[in-house]
Amino acid sequence: MAKYYIYADESCVSDNYMLYGGSSIKTSDLKYIYKKFEEARKNTGMTKELKWSKVKRQKYNEYKYFVDIYFQLLRNKQMVYRAMIIEKSKVNHKKFNDNDAEIGFYKFYYYFLLHGFAEDFIFYHEFDSEANFIVNLDKRNTKYKLSDLETILNNGFNKLSVKYSFEDVNYLFFENTAPFLKVEGVDSKKHDILQITDIITGAIGYQINNKDKKPNAAKAKIDLANYIASKIRITRFERRSYHRGFKFNVWNFRLQQ
């Protein structure tokens, strides 16, 4: 039975294009990956929290070192990355979310986690009938219970299982009706994977919001965002979807009007 951890966070919440970004790891690889980042901290002397907002010229090489490790893990199929782009100016909370932006915020998490991870894993033959997800979201203050999101995700997965049962996906037989075992908020300061994910998502958001084109743009951020883009063999990230097989996908979410 495969069990996956998903570490996810939102980025660019004050910009026109907001992102949800996440990394998924098999439980069997988790200890090794944490050890890799622990060694990276010792090698670079980076003891504090890593964040896109903290990228500076003085620490550029150190951040680049962590990016290299992350993409090596992707190449080794020990981690996968997903991101979802939301054009905030087109979000209609009044029509679809009872005029409650917080409802909309978690609805987008639902779409991101269910389709960006669960359905994608089915599509790429990485999900069996006994697989499970444990979701760690960066902790934030909210009046809503993450256990409700967990229930809604499992209900959504059941609808997916019906869909794929009637399509040409004979290798799957869905017996697991609740693959999302837990959705909880965690402190990003205690999770290196969540911190590195923030750097990757922040870089994508930096470019799709055209912050790299502003006169006062920080050169370290411009360079690191370009470096991350080069890792998937593009010049820069634009407001579109990117599919790089199972390991790296960016989804430009189409909103209802």
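The values are calculated or read from the model by the stated rules, or taken from the named source; none is laboratory data. Keep in mind that what you see is a predicted model, and the values were worked out from it rather than measured. Note: ideal-geometry Cβ built from the backbone for every residue, glycine included; neighbour counts use all protein chains shown.
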Query raised in the report: Does ASP212 qualify as being at pLDDT 95 or above and farther than 18 Å from TYR111 by Cα?
Result: yes
**Report entry** Those residues of the stretch 208-221 which are surrounded by fewer than 23 Cβ atoms within 10 Å (Cβ to Cβ) and part of a helix (DSSP H, G or I), in sequence order
**Finding:** LYS211, ASP212, LYS213, LYS219, ALA220, LYS221
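Residue-wise test of (1) within 23 Å of SER11 (Cβ to Cβ); (2) outside any strand (DSSP E or B).
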| position | (1), (2) |
| --- | --- |
| SER28 | no, yes |
| GLU49 | yes, yes |
| LYS94 | no, yes |
| ILE103 | yes, yes |
| TYR110 | yes, yes |
| PHE117 | yes, yes |
| VAL135 | yes, no |
Report summary line: By residue number, the members of the stretch 134-166 that are among the basic types (Lys, Arg) and either touching a Gly at 6+ places or on another chain (Cβ under 8 Å) or modelled with pLDDT of 90 or more (or both) are LYS139, ARG140, LYS145
Report summary line: Exactly one of ARG239, ARG244, ARG233 is surrounded by fewer than 16 Cβ atoms within 10 Å (Cβ to Cβ), of a type outside the set (S, T, N, Q) and without any contact (Cβ under 8 Å) to a residue 12 or more places away in the chain, and that one is ARG233
Query - Criterion: under 30 Å from ARG240 (Cα atoms), outside any strand (DSSP E or B), in contact (Cβ under 8 Å) with a residue 24 or more places away in the chain and among the aromatic types (Phe, Trp, Tyr) - qualifying residue of TYR34, TYR70 - result: TYR70
